[in-house]
């Protein structure tokens, strides 16, 4: 996918639209590159570290890496085929240059340090360029400083050490807090700017040649990784790009899957709905494993399910909603002294929803394990006993009100939560029949039927001609669409529910999460819209599903990125990005339509 040319982006308030961003990453962290060549988000060394470059949330003090023509330009960009290496072409009156951005990998995989490479290639004429490496204040918690050393220019902030390496032809200027310079690129010329970083350890100042060669190795690495899965069908390009974005969200040191690469990008323009998504949700991990399994991606599948089961087992007594990427309990919420994107706050790290009761977690966990086993694999004894305990818990817990999939403060008997418990128990019965877990499958089957009877009696609304959000609510919830896929209902009631959801929660191809979301000034929830595609397919309405799918795929930005939400009025992105759940729903819908 190659974008259409865009004119020099204007930053009157210091920010660009969220649609402007494209991610690059190395398996530990992710950087966001804007259309004008600025890197406005870059936590180092890990995705969940405090971001040393965070201009997307604090234009004045957040820090950014700039590389841009010093004259008016238009830009066009794409990812190199089958990679997460970004190529931006800048065209000016005097010439044209290409900038290739990546976070390098090593010979045997992930480097033991962080290494950003920015290669500039002259295509035509000559183009004056300027660049700047200006770390931020880590949300106003520290002051960066820079100095020259005999071996190169070094910047430091807290425990982070950064070195700036450039081609010999480029002059470097250093202030007390930044490194910058300018140069002109002629046709056929190549210049390289590299930033290497370590955290609380010595800094290896790589040579420019090593960094440049590392880019070639990184391109080859991504191409090789992409060769393990095949995409076909109408939406193969969108599927491949989404899978590559998901790979960026897999934290390679542990196998955990982050929900998104950022924190505090607003879900509504009036503020107050800003969250940190740099954690591993059990739900998102389950959906990721399903997609990886269906595509035949073996290593990440095993790493993620092993991380999930190991983490849940370590916190025995009940599964949390989500965990840190290292499997530890979630950090407490801290509100930072930063304005937020376009001054829409708050800016936070940590997330307080981790200890909510969400009954659908049982379904996520059991379905993940069921699919793994049905793929020809086997469980260990400890996992089997743990799952049997969870099945017994689900038999009792389904009667309890919970926070629901949407992590709401109001506890209710949410329909989707009850159906999730039904799904978990049906999976548990299947695992027991395969000899993978001990326990009492007769009890689980009996309780699953009891749940189904209750849902059909209490959660169906004749007035809405739909499953309702919770009994007596008179409201709708799009998460019920997931249970066409789970097999709970693929008949007339689910088909009617799809129509009700599209009629009451839909706007064009997009859909809100639940009744009242638009009144709360949220954007439409991207994943829900793709879930509608899958649900239409499962109830036998493929022509409608395909038409909707085509409309939804076009909602991505110029290089295929999807955020959490889209503003219905102006089509702008809202929420954290790239959003794993959105891309997972796209992939799932495309694979369903191929099946």
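Some notes on this structure:
- Applying 1/(1 + (r/R0)^6) with R0 = 45 Å to the Cβ-Cβ distance of residue 409 and residue 216 gives a FRET efficiency near 0.30.
- The angle separating the long axis of helix 441-458 from the principal Cα axis of greatest extent in the chain is about 90 degrees.
- Rounded to the nearest 500, the 222 nm mean residue ellipticity of the chain from helices alone is -10500 deg cm²/dmol, with -39,500 (n - 2.57) taken per DSSP H run of at least 4 residues.
- Protection proxy ranking, highest mean first, for peptides 45-58, 298-311: 45-58, 298-311, where packing is the per-residue count of other beta-carbon atoms within 10 Å, averaged.
- When the alpha carbon gyration tensor of segment 193-294 is reduced to an equivalent ellipsoid, its three semi-axes come out at 28, 24, 14 angstrom, largest first.
- Helix 542-553 axis versus longest C-alpha principal axis of the chain: approximately 30°, rounded to the nearest ten.
- Fewest-first ranking of 229, 366, using other Cβ atoms within 10 Å as the exposure measure: 229, 366
- For segment 386-443, relative contact order (Cα pairs under 8 Å, six or more residues apart, normalised by length) works out to 34 percent.
- Bins of 5 Å, starting at 0 and running to the largest distance - Cα pair percent for segment 1-134: 2, 10, 20, 23, 20, 14, 7, 3, 0
- Each principal axis of the Cα cloud of the chain was taken in turn, and the coordinate range along them, longest first, works out to 75, 48, 45 Å.
- Entry note, segment 265-384: relative contact order of 33 percent, from Cα contacts under 8 Å with a spacing of 6+ residues.
- Rg then Dmax, both in Å and based on the Cα atoms of segment 189-248: 16.4, 49.
- Gain on full extension, evaluated as 0.36 nm per residue between residue 381 and residue 176 minus their Cα-Cα distance, stands at 68.0 nm.
- Separation between Cα centres of segment 182-239 and segment 242-318, rounded to whole Å: 24 Å
- Packing, taken as the mean count of other beta carbons within 10 Å per residue, orders the peptides 368-374, 150-156 from highest to lowest as 368-374, 150-156.
- Under the criterion of Cα pairs below 8 Å and six or more residues apart, the relative contact order for the chain equals 12 percent.
- A straight chain from residue 443 to residue 595 at 0.36 nm per residue would run longer than the Cα-Cα distance by 51.4 nm.
- Highest to lowest packing among 502-515, 539-552, scored as the average C-beta count within 10 Å: 502-515, 539-552
Just so you know, all these numbers are worked out from the coordinates, no wet-lab data involved. The model shown is predicted, which means the values in this text are computed figures rather than measured ones. Reconstructed Cβ throughout: ideal geometry from the backbone, glycine too, with neighbour counts over all protein chains shown.
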